[in-house]
Amino acid sequence: MHRKPQAIDGFIPRSPQTRYVGFDNRPKLSNSPQGVRVRRPGFSAQQPTDKMSSFSARSSSLNTQSNQLLNQSMELPEPKRYESRDFSPPATSKKKRQKSKKSKLRKFVKTTSLIAAAFLILCGGWLGWKLFRDTSKVFGSSSSLLGFLSASKLKCEDTGRCNIILAGNSADDPFHNGANLTDSIMLISIDTKNDTAIMMSIPRDLYVNIPGNGYAKINEAYPDGQSEHYNQNGYAKGGMGLLEQTVSESLGIDVSYYALIDYSALRQAVNTVGGVPVNVQSEDPRGLYDPSIDWKTHGPLVKLSNGWHTLTGEQALDLARARGDAYGSYGFSASDFARTQNQRALMLAIKDKAMSNGTLANPLKLGQLFDAFGNNVHTDLSTGNIRRLYDLSKVIPSNKIKSIGLNSVTINGQKDVSLLKGYTTTTGQSALIPTTGLGDYSQIKQFLQQVMSNNALAKEGANVVVLNASTTTGLATAESNVLSKKGIYVSTTANATPHQDTTFIIDNSSGKNPATLKALKNIFGISTTSTNASLTKQYPDAAFIVVLGQNQQMPQ
């Protein structure tokens, strides 16, 4: 028996087997729209037409706009096609790559600059520390590094010439006898007005009167002053002060400063600059040879052929020491004079090498130079004085530095004149004294005035003879004093016969001494010169002979 189906949630099942909820899935009639939801009983399938159409229109419009926006957002630009034969990337891509390269380059430059700056700071700090340490050794703990940055005026600058003594000893050499003796003495004279300089060697065997100690070789002055604690006004304290006074009184020149240098400074300085070039020009075709033993190398002191050599520090030191007086030596014809000549040549070679860019631009070499001089140099120059000397010396080329000795000079028109001669002391030592005699330095002083004076008359050094042909006694001597004060060298004063009425000048200079001729004419009021074969023959070395006549008045 079938029971009538009960309504469930507003739907009435058609059969007990099936129940339709929501959508009717029964077979569709041909007039039934497909997919139309069948509403439950109680709901009206009809809605107001105007509201329904309005809603549908708005919904359709919104859907259309949404689809358009979605399509636009999804659209991607079609990639451009480039043929391989005509490919050129877009300009924007090239600019980006260029910017990227520039950015990498800037980073590289910045990094490199930072590394270089750090290196320079480290080098500067290292050099500064070395300079401070070595400065304290040379100039004392109270010295200031700022002095190297600001030059201090030299006390001799107002005179136009500064004279500095360089003395070398071997106190650092345990194998050298008499290590405190200053076996190397050199006078450096700088013309501060004309940018020239002179290097003159003073032989260690020069027999002089050492103040307070009597006659001895000049190389003994330093140890004497050290042992007696020398202290005199106007000179440095200690041994170098006594050496200054000895040189000043013997040679008639003012010494302003000194530097005492151990031999190690020479060796280290030469090694630091990479060796120095030296041109050996010996009179012996074999060159130079001194068989004396170098106790460091255990070989001969010097063995060099003629020609150019680049010497190491040890070779340079040996050459500076060698005298060539040992048995079997050759090439040292002038013995100690040759040694001092070699020393001056080495000084110039070191100066040129040290002032070169290869040394000044190398922090390691500069530091080694500081050590070489810091450990082995003692001086009364301040750091400011050193800076001033550097400023003066860097404008003086080597060809403006004259190297001279006292054994072969040009004086009064004569060449190859020796101002020294051999001498045997009371104790049997071999020594050197002035050619004019023991203690007579007049000729040496006249030569030094000739080469060091800024006076044109003194530089010419013309040999003048003054003869008195009047009846006025002492006239020749008085006039000679006038000429000497003006810088004119008078070698001879004498009387002449027969008497002359007027003063005249005999010129035998061949035009070599124009300043002296002009001065003589002005002094004696003479416009023309004369000749006299007899007097010229009598005084063959005279450049000028002044014959004073009866009209010449005694000078005031």
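A few comments on the model shown:
- Ranking 258, 241, 268 by Cα position along the charge dipole of the range 236-284, where only Lys, Arg, Asp and Glu carry charges on their C-beta atoms, puts 268 farthest toward the positive end.
- Extension gain, residue 417 to residue 325: 0.36 nm times the residue separation minus the Cα-Cα distance gives 30.8 nm.
- Of all DSSP beta bridges in the range 148-264, antiparallel share, percent nearest 5: 75
- Antiparallel DSSP beta bridges within the range 454-550, as percent of all bridges there, nearest 5: 25
- Extension gain, residue 486 to residue 305, is 60.3 nm, computed as 0.36 nm per intervening residue step minus the present C-alpha separation.
- For the peptides 265-274, 309-318, residues were scored by their other Cβ atoms within 10 Å and the scores averaged per peptide; the highest-first order is 265-274, 309-318.
- Dipole magnitude for the range 186-305: about 340 debye, using +1 per Lys or Arg Cβ and -1 per Asp or Glu Cβ, origin at the Cα centre.
- FRET efficiency, 1/(1 + (r/R0)^6) with R0 60 Å, evaluated for residue 499 and residue 398 via beta carbons: 0.65
- Between residue 436 and residue 334, the FRET efficiency estimated from the beta carbon spacing at R0 = 22 angstrom works out to 0.60.
- Annotation note: chymotrypsin sites (Phe, Trp or Tyr not before Pro) in the range 162-254 located in DSSP loop regions with a Cβ neighbour count of at most 11 within 10 Å are 175.
Every number here is computed from the coordinates shown, using simple stated rules; none is lab data. All values derive from a computational prediction rather than experimental measurement. Cβ atoms come from the backbone with ideal geometry, glycine included; neighbour counts cover every protein chain shown.
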